[in-house]
Amino acid sequence: MGSTGADIIMSPAAQRAVGLAIECKARKSPSVYRDWDQAARHASKSMHRAEPVVFIKGDRRAPLVIIEATFFERLLKEAGRC
C-alpha cells in the first residue's frame, strides 16, 4: 500500500529472469468469473487433460488472457523462468 510499481517485488536478477510485472487484484467481477466457470466446465469435459483459459477483449483495449495461478507457475517453471 502506498508504494508505486508492481505488486510483486522482485530482485533485479529475478526481474531479468522472469520478465513480468505482476499486479494482484481481489475484486468481484461477475462477468470474468462467469466466463471462467464456463471455460472450466468445458475443460472438465475435455477428452484430454485441458487447462481452462479465457481470452477477453474490451472495446479499444488489448486482449487479456486469464489462467489459474498454479498453471501460470507451471508455465514459468517449464520455461525456465522460475
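Data table
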quantity	calculated
Residues within the stretch 10-44 that are among the aliphatic types (A, V, I, L, M), within 17 Å of the chain's Cα centre (by Cα) and surrounded by 10 or more Cβ atoms within 10 Å (Cβ to Cβ), tallied	8
Inter-residue pairs, beta-carbon under 7 Å, first more than 13 Å from Cys82 (Cα to Cα) and in contact (Cβ under 8 Å) with a residue 60 or more places away in the chain and in the stretch 6-17, second of a type outside the set (Ser, Thr, Tyr) and surrounded by 10 or more Cβ atoms within 10 Å (Cβ to Cβ), 6+ apart	none
Some residue of the stretch 60-68 being of a type in the set (Gly, Ala, Ser), at positive phi and either exposed (fewer than 13 other Cβ atoms within 10 Å of the Cβ) or in contact (Cβ under 8 Å) with a residue 40 or more places away in the chain (or both)	no
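Taken together, the values in this text are just the output of simple stated rules run on the coordinates, not laboratory data. Quantities reported herein were computed from a predicted structural model and do not represent experimental measurements. Every residue, glycine among them, receives a Cβ derived from its backbone with ideal geometry; neighbour counts consider all protein chains shown.
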